[in-house]
1. Tally up the residues in segment 332-345 that are part of a helix (DSSP H, G or I) and more than 16 Å from residue 5 (Cβ to Cβ), please.
2. Please pick out the residue among 372, 346, 331 that is under 19 Å from residue 252 (Cα atoms) and at pLDDT 95 or above.
3. Filter segment 342-399 for residues that are more than 22 Å from residue 13 (Cβ to Cβ) and among the β-branched types (Val, Ile, Thr); which is nearest to the chain's Cα centre (by Cα)?
4. What's the total number of residues in segment 191-226 that are in contact with a Leu (Cβ under 8 Å, 6 or more places away or on another chain) and among the aromatic types (Phe, Trp, Tyr)?
5. Kindly state which helices (runs of 4 or more DSSP H) lie completely within segment 54-150 and contain at least 2 residues that are over 15 Å from residue 34 (Cα atoms) and either open to solvent by 50 Å² or more (accessible area, probe 1.4 Å) or modelled with pLDDT under 95 (or both).
6. Within segment 171-209, track down each residue that is part of a helix (DSSP H, G or I) and in contact with a Ser or Thr (Cβ under 8 Å, 6 or more places away or on another chain).
7. Given the options 310, 295, name the one that is in contact with a helix residue (DSSP H, G or I) (Cβ under 9 Å, 6 or more places away or on another chain) and on the phi < 0 side of the Ramachandran plot.
8. Tell me, yes or no, whether segment 218-239 has at least one residue that is part of a helix (DSSP H, G or I) and exposed (fewer than 15 other Cβ atoms within 10 Å of the Cβ).
Amino acid sequence: MDKLRILDLESKGCFDFFWNEANSDNESPGYGLIVDNTKNRNVSSIASVGFGLSAYVIGIERRWITYEEGYNRTKGTLETFYKNVEHDDGFFYHFLDMKTGKKNEAYYDCASIIDTTLFLNGAIVAAEYFGGEIKELFEKIYRRVDWTVYYDESVNQFYMGYTKEKGGWHHWDTYAEQLSQYVLSVASPTYPVPAKIYDGFEKRKAKYGPYEVINSPGGALFVHQYSHAFIDFRKYVDKDGIDWFENSINATRANRQFCIDNPYGLKTYHENAWGLTACASPNGYIVPGGPPFYPGFEPKLDGTVTPCGPAGSIVFTPEESIEALNYFYENHPKLWGEYGFQDAYNLDTDPEWYADHVIGINKGITLVMIENYRTGLIWDLYMSNEYVREGIRRLGWKEKNTSK
């Protein structure tokens, strides 16, 4: 098989997930909500919906659906979020009831700033692609988000959680997946936070082998992928000269090298079975640690590998990611399902374990990053948005060809 054929197959599988696993009942208050994972079709994830809004644009461009089909689904989804989905100060809850749009009490007790950001990222892509009524709906949703509620001025950081009853708790105090959160929050036309918030989180450098990386303590790959799925960091350095795109290249290479080094002697890992990131496992959902960048940090590894690890890093390590995806496809037929790759597999269990389901955010990062690698479509749309451009300006990021 042509080595690039796997990108067609997996992209179409990912798209089919977002199209088929959405609430398509026009009479439902939850119209357009997309399931978090196919093991539980009663629960939607707003981050999954954010990736789904991008998926519909990709589906139109690749002629998997018509423009009218994508437009109607997108418009109805944004109407659901504007009129029906439960929110606090404009922030949505991570998990929702698929039919009602109300928060799912079994999961979280507060709205989610990061998942709202991921939803808004997808809504921006849709707004720029369709314009008109869809852009107006995005504007209404974006403008009511009060970013100041989650801003803890005393430490110059965002809270991770907040309720009016308890106040805020935990903080976005290190580098992670939240970079687009700063862009959207400082650019808000209604409730902006000061640009100095970008100085509030720790940017600690660490090394694994030859790879120096500004990393989050856990080291999972998704922290180096999610904001990059929308912001085209190839073109920018921040005001301190940090090249976040190069940083993600180094983090991905370090993650792969750690799997090659395989210090714990696990059966699953090798040069084409790598990409440690959040995924399903034989013991439920896990966030496995990456390379031990920090003294005293011991990664929690059980031999689980997920295809979205290398797939979501294809813009950083294209050759290595494509080799990994072809390895999975050719050597692990049990890993292939209705929506392309199932979520993960593990050869270090007895018997060997293969996931029987997919997870929306993992299908999402896979689809969006493959499309960015091939055409730059999602990057181009997101970066054309006026608020994104304004946020980058306020943060003082510079284009690489003009920075000094």
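The values are calculated or read from the model by the stated rules, or taken from the named source; none is laboratory data. Since the structure is predicted, the reported quantities are computational estimates derived from the model, not experimental observations. Cβ: placed from backbone, ideal geometry, glycine included. Neighbour counts: every protein chain shown. Accessible surface is based on the protein model in full, side chains and every heavy atom, while ligands, DNA and RNA are left aside. Shrake-Rupley method; radii C 1.70, N 1.55, O 1.52, S 1.80 Å.
1. Step one: filter segment 332-345 for residues part of a helix (DSSP H, G or I), giving 333-335.
Next, only the ones that are more than 16 Å from residue 5 (Cβ to Cβ) stay: 334-335.
Selection size over segment 332-345: 2.
2. On the way: 346 fails: under 19 Å from residue 252 (Cα atoms); 331 fails: under 19 Å from residue 252 (Cα atoms).
So the residue among 372, 346, 331 that is under 19 Å from residue 252 (Cα atoms) and at pLDDT 95 or above is 372.
3. 388
4. So the first thing to find is which residues in segment 191-226 are in contact with a Leu (Cβ under 8 Å, 6 or more places away or on another chain), and the list is 195, 198, 219-221, 226.
Filter once more, so that each one left must be among the aromatic types (Phe, Trp, Tyr): 198, 226.
Adding up the residues that qualify gives 2.
5. Details: elements: 67-83, 113-130, 132-143.
The helices (runs of 4 or more DSSP H) meeting that bar are 67-83, 132-143.
6. Taking segment 171-209 and keeping what is part of a helix (DSSP H, G or I), we get 179-187, 195-199.
Answer for segment 171-209, where residues must be part of a helix (DSSP H, G or I) and in contact with a Ser or Thr (Cβ under 8 Å, 6 or more places away or on another chain): 179, 180, 181, 184, 197.
7. On the way: 295 fails: in contact with a helix residue (DSSP H, G or I) (Cβ under 9 Å, 6 or more places away or on another chain).
None of the other options fit; the residue is 310.
8. Filtering segment 218-239 for residues part of a helix (DSSP H, G or I) gives 221-224, 227-229, 233-235.
Next cut, exposed (fewer than 15 other Cβ atoms within 10 Å of the Cβ) only: none.
No: segment 218-239 contains no residue that is part of a helix (DSSP H, G or I) and exposed (fewer than 15 other Cβ atoms within 10 Å of the Cβ).
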